[in-house]
Amino acid sequence: MDKRLFLLDGMALAYRAYFALIRAPRMTSGGMNTSAVFGFANTILDLLKKEQPTHMAVVFDTQAPTDRHIGFEGYKANRQEMPEDLSVAMPYIFRLIEGFNIPVLTSDGFEADDIIGTLAKKAEKESFITYMVTPDKDFGQLVSDKIFIYKPGIRGGDVEIMGVQEILEKWSIDRVEQVIDILGLWGDAVDNIPGIPGIGEKTAKQLIKTYGSIENLIANSSQLKGKQKENVEAHAEQGLLSKRLATILLDAPVELDIEKLLIEEPDREKLEQLFAELEFRTLGKRVFGEEFTIAGGQALRTQQTDLFGNDVPAPPGGKSRAAGLNNKEALAAEADATAFAQAATLKTIEDTEHRYHLADSPETRAALVRLLEKQAAFCFDTETTGTDANNCELVGLSFCIEKGEAWYVPIPSDMEEAGRILNEFKPVLENERIRKIGQNLKFDIIVLRCCGVNVAGKLSDTMLAHYILEPDGRHGMDLLAGNYLAYKPVSITELIGKKGKAQGNMRDVVIETIKDYAAEDADITLQLKEVFDPLLEESGLRHLVEDIENPLIYVLAEMEREGVAIDKEGLALYSRELENDIKRLEESIYEYAGVKFNIASPRQLGDVLFEKLLLEPKPKKTKTGQYQTGEDILLRLATKHDIVQHILDFRQLQKLKSTYVDALPLMINPRTGRVHTSYNQAVAATGRLSSNNPNLQNIPIRTEKGREVRKAFIPRDKDHVLLSADYSQIELRIIAAISRDENMMQAFIDGMDIHTATAAKVYGISPEEVSSSQRRNAKAVNFGIIYGQSAFGLSQNLGISRTEAKEVIDAYFKQYPGIRQYMTDTVEFARSKGYVQTIMGRRRYLRDINSANATVRGFAERNAINAPIQGSAADMIKIAMLNIHRELNSSKLGTKMILQVHDELVFDVPRGEEEKVKTLVEEQMKNAMPLEVPVLVESGTGSTWLEAH
DNA sequence: TCGCAGATCC
DNA sequence: GTAGAGGATCTGCGAC
């Protein structure tokens with residue numbers, strides 16, 4: 001049998017596992033980030049299972065500066081501190097390796113690569129096949145026969161085996177020697193060896209490639225000019241040292257009998273204990289088989305500290321939590337993590353004592369109602385035939401008043417019978433005295449409203465409670481049950497099948513099965529409420545759910561149920577018009593291009609523009625390697641070829657037609673004849689609402705053709721008009737108020753146009769003298785400030801030079817010193833507290849704020865600056881909505897609030913009420929959350945949304 | 001079915 | 001030197 005030796009570069013793999021997972025939600029146990037340990041464990045497991053090694057060792061760099069590192073002051077200075085999370089994880093990684101019974105070698109004065117290189121050479125003589133396992137950024141693999149490129153993922157790594165030849169091809173390198181030369185490059189490509197001041201990594205690589213080697217480059221430095229020449233000559237010695245340090249040794253003094261690295265059985269006891277501490281349930285199962293459970297183990301409890309040893313506050317009750325990044329990658333990874341958590345050994349309905357009753361007779365129902373009537377609060381849930389609250393059928397109701405006991409009330413499809421049963425429950429559901437507890441109550445409230453039941457009383461929504469506690473996380477019931485109750489509810493897919501065409505219907509499930517599922521939901525929700533209440537109290541967040549989020553459920557439910565009228569015929573007409581325009585554009589584009597292709601395919605379009613028409617010598621590519629054809633890129637090309645403008649127009653019209661003009665009429669509810677969007681109250685981490693099915697918060701307005709769509713939003717009939725009221729510059733007013741910057745506050749107090757005022761200050765001229773381009777620049781800075789934009793971003797945005805952008809920004813901060821102070825203060829606050837907050841105290845946790853990774857940290861810093869501003873604006877309009885809703889109801893006006901678009905509210909107003917409502921709305925919006933600067937609201941009415949806005 | 005790119009909004 | 005504006009949703013393409 002072959003002797004197969006696997007040598008793992010321990011530190012590199014640990015770092016790689018850590019950084020690869022850094023963007024993913026943190027897998028935590030007792031506050032410790034366990035993702036690096038998890039990634040490492042998966043590497044070992046993958047190798048053991050898939051590659052059948054016979055011998056194995058993990059090699060670690062000696063962390064203390066040594067011969068190979070020493071004598072190089074800059075090395076120490078530049079070497080990044082090991083991230084706190086990772087250094088906490090390292091002891092666990094060592095225990096893991098020990099548990100697997102794999103020998104650990106330390107490099108003792110050398111790089112791990114040197115030891116591996118030397119061993120590989122030695123092993124070759126003893127007829128081993130040697131494999132080096134290291135992440136792809138390291139070049140050290142070149143000394144082994146095969147190379148593993150390990151890409152950690154949350155479910156373990158994809159291990160890819162490449163031969164040396166393939167590596168050379170992959171990196172477009174010609175010869176092995178050349179790789180060695182590149183290894184000796186200047187810059188921080190190799191383990192942060194400091195480079196030559198003034199010559200970057202890329203430039204250095206290029207230069208070395210051109211000259212063949214560093215030695216050649218130095219010898220020919222006279223061919224260079226200017227600063228480059230100076231730098232190369234002045235720091236030649238350092239460059240050579242870099243090369244020497246980065247060159248892999250094959251003759252390190254390592255005494256070792258390779259046969260001793262023979263693989264042994266893992267130490268079951270040690271691994272079990274470790275997996276129990278870290279709550280690695282699925283991993284445990286992979287190692288020890290399905291029967292593995294961590295029930296006997298003790299969960300880890302360590303207090304998280306920051307770099308200075310101070311305690312970092314964990315979010316209230318936060319057991320696991322998403323990182324600050326809210327992008328698709330994070331969400332996808334989070335889904336994985338959720339699956340990971342769910343697959344673990346959680347209690348289920350089988351393991352718990354419960355009394356779930358069926359209340360399906362007049363007597364049992366009456367008894368239930370009598371019981372509910374006596375309660376100060378109860379938890380309830382509805383079962384329906386679908387997820388569209390405005391377009392589904394009620395199948396049953398479940399109730400719970402105490403942990404472990406719940407009732408299920410089936411509702412038959414016969415309307416009359418259903419009505420009778422619901423009437424029995426009206427006295428409790430409509431009872432204002434009784435608090436209602438639920439998960440996503442807005443859905444239940446709308447469903448019941450459609451059945452003629454008007455739910456009343458205070459609300460406690462567990463989804464919103466968790467949203468307030470952990471705004472970046474997800475808030476599904478199954479997830480919450482798993483994380484907070486260590487419980488796995490009956491899965492909906494067990495009842496009605498997987499999502500998709502084949503998915504069944506709640507109506508078809510036998511009542512006994514629904515009973516368990518539904519009663520359990522109510523039971524779990526009640527238990528969650530009991531967990532969240534003290535957490536909200538402790539962290540001082542109770543008022544947010546109690547005074548804002550929970551009451552807002554009623555407002556949103558009513559808005560959603562109300563819906564908005566759409567001019568279907570108008571849209572149909574416009575669709576035909578667009579169709580013609582698009583056809584014409586298509587033809588002309590084909591003519592310009594000389595070829596027919598799919599213009600809607602960015603890939604095909606890129607090929608035509610940059611490979612056929614060659615519009616750009618060095619076109620930008622996306623990370624997947626196709627040409628970028630985004631609007632900003634095309635706009636810059638517009639002068640080069642007429643085809644570009646046509647493409648831009650084509651894109652715009654295509655988008656308009658498919659997303660709005662053709663899609664909206666299909667969303668009209670057949671029952672009401674109106675479009676009912678759905679507001680999600682728990683997705684945007686800053687506190688904003690979002691809208692979907694359809695999204696009515698992104699109806700076009702910027703361009704003339706787009707605006708046409710707004711004409712299709714109309715009052716319910718000719719006796720009504722639309723009223724639109726929006727906050728003027730609300731985010732800038734908020735930043736002015738919370739930063740208390742005198743100049744900006746004064747500009748608002750004086751009622752000036754803020755962008756003109758800013759331009760006047762920045763350019764040191766009077767407001768009258770401000771040109772339109774100066775105002776545009778000022779406006780861009782004002783917005784950039786809100787988002788934490790850099791000089792680079794501003795220059796890109798405005799098409800000006802970086803120097804110019806920097807000047808504008810510097811002048812800006814000189815005029816508004818309070819704003820700069822706010823920015824540094826907020827970031828500082830986030831650093832010490834771990835979160836930022838809005839005026840109303842809504843929090844956003846920023847775990848990455850102290851990250852050693854500049855990119856990740858930068859993201860957290862921009863979030864720190866933006867979240868309080870965007871979030872305060874969200875708080876303000878939510879309060880306004882609550883107050884307006886209350887006032888409209890109490891004053892018996894016929895006006896309905898129908899839309900919210902972040903800083904705008906739209907109402908359907910009976911003719912004759914316009915003036916009254918306008919005053920009411922403006923007053924309530926202005927006074928919702930008084931600031932120390934004036935809050936301005938602009939409103940208008942019209943027979944379409946466009947006119948009103 | 002899913003990720004990506006590109007579009008829309010505030 | 002890094003990457004390069006915060007928050008969303010929807011659509012079509014193209015790989016799987």
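Reported count of residues in the range A:626-655, each being small (Gly, Ala, Ser) and either within 11 Å of DNA strand C (Cβ to nearest atom) or touching a helix residue (DSSP H, G or I) at 6+ places or on another chain (Cβ under 7 Å) (or both), is 1.
Checked against (1) of a type outside the set (Val, Ile, Thr); (2) surrounded by fewer than 23 Cβ atoms within 10 Å (Cβ to Cβ); (3) under 22 Å from A:Val287 (Cβ atoms); (4) at pLDDT below 70, A:Leu45 passes all but condition (4).
Are any of the residues in the range A:534-554 at positive phi and open to solvent by less than 60 Å² (accessible area, probe 1.4 Å)? Checked the range A:534-554: at least one residue is at positive phi and open to solvent by less than 60 Å² (accessible area, probe 1.4 Å).
From the list A:Ile735, A:Ile701, the one residue that fits, being in the same structural domain as A:Ile786 (by TED's automatic domain parsing) and β-branched (Val, Ile, Thr), is A:Ile735.
From the residues in the range A:704-727 that are open to solvent by less than 20 Å² (accessible area, probe 1.4 Å) and in a loop (DSSP other than H, G, I, E, B), which one is nearest to A:Met925 (Cα to Cα)? Selected residue: A:Pro715.
Would you check if A:Leu605 is closer than 27 Å to A:Tyr660 by Cβ, surrounded by 12 or more Cβ atoms within 10 Å (Cβ to Cβ), of a type outside the set (D, E, K, R) and within 14 Å of DNA strand B (Cβ to nearest atom)? In short, yes. Exactly one of (1) more than 16 Å from DNA strand B (Cβ to nearest atom); (2) within 29 Å of the chain's Cα centre (by Cα); (3) in contact (Cβ under 8 Å) with a residue 60 or more places away in the chain is unmet by A:Gly818. Its number? The failed condition is (2). Regarding the range A:897-910, can at least one residue be identified that is on the phi > 0 side of the Ramachandran plot, outside any helix (DSSP H, G or I), open to solvent by less than 60 Å² (accessible area, probe 1.4 Å) and not aliphatic (A, V, I, L, M)? Within the range A:897-910, one or more residues are on the phi > 0 side of the Ramachandran plot, outside any helix (DSSP H, G or I), open to solvent by less than 60 Å² (accessible area, probe 1.4 Å) and not aliphatic (A, V, I, L, M).
Counted as qualifying within the range A:458-499 are the helices (runs of 4 or more DSSP H) with 3 or more residues that are open to solvent by less than 20 Å² (accessible area, probe 1.4 Å) and not aromatic (Phe, Trp, Tyr), namely A:462-469, A:477-485. Any chance the range A:597-615 includes a residue that's in contact (Cβ under 8 Å) with a residue 40 or more places away in the chain and either within 29 Å of the chain's Cα centre (by Cα) or within 28 Å of A:Ala572 (Cα to Cα) (or both)? Checking the range A:597-615: at least one residue is in contact (Cβ under 8 Å) with a residue 40 or more places away in the chain and either within 29 Å of the chain's Cα centre (by Cα) or within 28 Å of A:Ala572 (Cα to Cα) (or both). When the range A:621-635 is filtered for residues that are outside any loop (DSSP other than H, G, I, E, B) and surrounded by 13 or more Cβ atoms within 10 Å (Cβ to Cβ), the ones remaining, listed by number, are A:Tyr627, A:Ile633, A:Leu634, A:Leu635.
With the structure loaded, tell me whether A:Asp472 is under 21 Å from A:Asn680 (Cα atoms), away from DNA strand B (no atom under 16 Å from the Cβ) and among the acidic types (Asp, Glu) or whether it fails that test. Yes; evaluated as a whole, the condition is true for this residue. Considering each residue of the range A:875-896 in turn, none proves to be within 16 Å of DNA strand C (Cβ to nearest atom) and open to solvent by 10 Å² or more (accessible area, probe 1.4 Å). Just so you know, in the range A:729-745 the residues that are in a loop (DSSP other than H, G, I, E, B) and open to solvent by 20 Å² or more (accessible area, probe 1.4 Å) include one that is nearest to DNA strand C (Cβ to nearest atom), and it is A:Gln729. The numbered conditions (1) in a helix (DSSP H, G or I); (2) at pLDDT below 85; (3) open to solvent by 60 Å² or more (accessible area, probe 1.4 Å) are all true for A:Lys618 except (1). For the range A:824-860, a tally of residues being in contact (Cβ under 8 Å) with a residue 12 or more places away in the chain and either under 15 Å from the mean Cα position of the chain (by Cα) or open to solvent by 70 Å² or more (accessible area, probe 1.4 Å) (or both) returns 13.
Residues that are more than 7 Å from DNA strand C (Cβ to nearest atom) and out of contact with any Gly (no Cβ under 6 Å at 6 or more places or on another chain) within the range A:846-863 comprise A:Arg847, A:Ile849, A:Asn850, A:Ser851, A:Ala852, A:Asn853, A:Val856, A:Arg857, A:Glu861, listed in sequence order. In the set A:Thr525, A:Thr513, only one residue is open to solvent by 40 Å² or more (accessible area, probe 1.4 Å) and away from DNA strand C (no atom under 16 Å from the Cβ); that residue is A:Thr513.
Scanning the range A:697-708 for residues that are in contact (Cβ under 8 Å) with a residue 60 or more places away in the chain, under 30 Å from the mean Cα position of the chain (by Cα) and more than 9 Å from DNA strand C (Cβ to nearest atom) yields A:Ile699, A:Ile701. When the range A:560-589 is filtered for residues that are surrounded by 15 or more Cβ atoms within 10 Å (Cβ to Cβ), within 16 Å of DNA strand C (Cβ to nearest atom) and farther than 16 Å from A:Val661 by Cα, the ones remaining, listed by number, are A:Glu560, A:Gly563, A:Leu585, A:Glu586, A:Ile589. Checked against the criterion of being surrounded by fewer than 17 Cβ atoms within 10 Å (Cβ to Cβ) and in a strand (DSSP E or B), the range A:395-417 has at least one qualifying residue.
The values are calculated or read from the model by the stated rules, or taken from the named source; none is laboratory data. A quick note: this is a predicted structure, and the numbers were derived from the prediction, not measured. Glycine also receives a Cβ, built like all others from the backbone with ideal geometry; neighbour counts cover every protein chain displayed. The protein model used for the area step is the full one, side chains on, heavy atoms only, and it has no ligands, DNA or RNA in it. Shrake-Rupley method; radii C 1.70, N 1.55, O 1.52, S 1.80 Å.
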